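Note sheet for the following structure.
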Amino acid sequence: MVLKDPYNRTVSNLRISLTSRCNLRCIYCHAEGEVQPQEQMSAEDIAELMRVGVQFGIRSVKFTGGEPLLRRDLVDIIRSVPPGVESSLTTNGTLLAEKAAELKEAGLARVNVSLDTLRPERYRAITGKDILADVLAGIDAAIEVGLTPVKLNMVLLEGINEDEVDDFMAFVRNKPDLILQVIELMEFNECKFHGDVDSVEQDLNERATRVVTRRMHHRKKYCLDGAEVEVVRPLHNTEFCAFCNRLRVTSDGKLKPCLLRSDNLVDIRGKHGKELEDAFKEAVGRRKPFFT
Ligand SMILES: Nc1nc2c(ncn2[C@@H]2O[C@H](COP(=O)(O)OP(=O)(O)OP(=O)(O)O)[C@@H](O)[C@H]2O)c(=O)[nH]1
Ligand SMILES: C[S@@+](CC[C@H](N)C(=O)[O-])C[C@H]1O[C@@H](n2cnc3c(N)ncnc32)[C@H](O)[C@@H]1O
Ligand code: SF4
Ligand code: SF4
């Protein structure tokens, strides 16, 4: 049975936060909208939730966090993804090099790696750690084992990395396994570095030889000079929300109908079988586009 929310949006993707812990301290982090997370869900609970999701039309799962690679049982969790469901991971990439092969072998399809700058000193200023080289090694390893396409997530930050879009395009150019994703900052924690995504997108539009609109969030992908660039513009974007097909799961076991709301969560801790199915339906029923 495929579930639709009251706004006729099909839910086909589960976005599961595996932990609220992280080894970086990015200046802009929204932490997937988690507020005071408690004990994290077990691998068994996550496996059962994915099985229930499949009954209701879930076709892909995104693992995120915090930093998902901090979970020691990550490989087991990926192994428990039901057959036919595409799994991907969003990671800061710092621990990816040593784990990429194992993740691939466990069935992970691809990774998104957060990388806001190609300059070591800026990387330290943004994340708090001087380990850009580890991330670059993680990206290489992911390509090597076929966790592809690897998307590079670059949050556009005014006065910090806005001048690096062309450098990033050069970085991904003529590498079909790499896609650049330019992301509009959603302000959390007083982070006031909102970059000008409008002008970046205008420029891409003028130079693109092909523009594709994705089903999810109706995001635009621009193809130019051997580079592929996707633009993520969630703010005040009614179309983005109208085509949102994701149900979130917090690391401590709550279904979260929308990234930007915390007043409509459905607690699934301790729920199994029919109770869990009902909770899933309840969460889908509570979904509402944030920007209308
Ligand atoms: N507002 C909002 N932002 C989202 C949503 N999904 C993803 N994002 C943002 O999009 C950016 C990229 O997220 P990723 O975790 O890499 O995944 P993705 O690009 O959305 O997904 P794929 O294209 O399937 O890899 C991040 O900044 C997320 O916060 C959403 O449903 N709502
Ligand atoms: C919260 S992180 C969790 C996964 C992993 N730690 C990472 O950094 O990729 C998921 C994605 O959200 C993005 N993100 C975090 N805070 C954001 C914000 N305020 N606005 C837009 N994107 C944000 C990050 O850049 C990252 O690509
Ligand atoms: S690495 Fe990811 S979860 Fe950690 S602080 Fe940065 S954006 Fe947030
Ligand atoms: S803000 Fe909420 S409704 Fe809009 S795309 Fe994000 S999760 Fe979906």
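The values are calculated or read from the model by the stated rules, or taken from the named source; none is laboratory data. Worth saying up front: this structure is predicted, and the values here are computed from it rather than measured. When we count neighbours, we look across all protein chains shown, and the Cβ atoms used for this are built from the backbone with ideal geometry, even at glycine. Just the protein is used for accessible areas: all its heavy atoms, side chains included, with ligands, DNA and RNA removed. Shrake-Rupley method; radii C 1.70, N 1.55, O 1.52, S 1.80 Å.
Counting the residues of segment 226-257 that are of a type in the set (S, T, N, Q) and within 10 Å of ligand 1 (Cβ to nearest atom) gives 2. Among the residues in segment 50-64, are any on the phi > 0 side of the Ramachandran plot and of a type outside the set (A, V, I, L, M)? Within segment 50-64, one or more residues are on the phi > 0 side of the Ramachandran plot and of a type outside the set (A, V, I, L, M). When we screen 95, 70, 115 for residues that are buried (at least 20 other Cβ atoms within 10 Å of the Cβ) and within 16 Å of ligand 3 (Cβ to nearest atom), the only hit is 115.
May I ask you to list the residues in segment 224-281 that are in a helix (DSSP H, G or I), open to solvent by 50 Å² or more (accessible area, probe 1.4 Å) and within 16 Å of ligand 2 (Cβ to nearest atom)? Within segment 224-281, none qualify.
Let's see how each residue does on (1) aliphatic (A, V, I, L, M); (2) in contact (Cβ under 8 Å) with a residue 12 or more places away in the chain; (3) away from ligand 3 (no atom under 16 Å from the Cβ):
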site	(1), (2), (3)
161	no, yes, no
165	yes, yes, yes
171	no, yes, yes
176	no, yes, yes
186	yes, yes, no
199	no, no, yes
218	no, yes, yes
232	yes, yes, no
238	no, yes, yes
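Looking across segment 28-45 at every residue that is modelled with pLDDT of 95 or more and charged (D, E, K, R), the one that is surrounded by the most Cβ atoms within 10 Å (Cβ to Cβ) is identified as 45. Just one of (1) touching a Phe, Trp or Tyr at 6+ places or on another chain (Cβ under 8 Å); (2) surrounded by fewer than 20 Cβ atoms within 10 Å (Cβ to Cβ); (3) within 29 Å of residue 54 (Cα to Cα) fails for residue 152. It is (2).
Assess whether residue 287 counts as being of a type in the set (Lys, Arg), over 17 Å from the mean Cα position of the chain (by Cα) and within 23 Å of residue 162 (Cα to Cα).
So residue 287 fails the test.
Kindly indicate which of 9, 25 is over 19 Å from the mean Cα position of the chain (by Cα) and either within 14 Å of ligand 1 (Cβ to nearest atom) or open to solvent by 40 Å² or more (accessible area, probe 1.4 Å) (or both).
Just a single option satisfies the conditions, and that option is 9.
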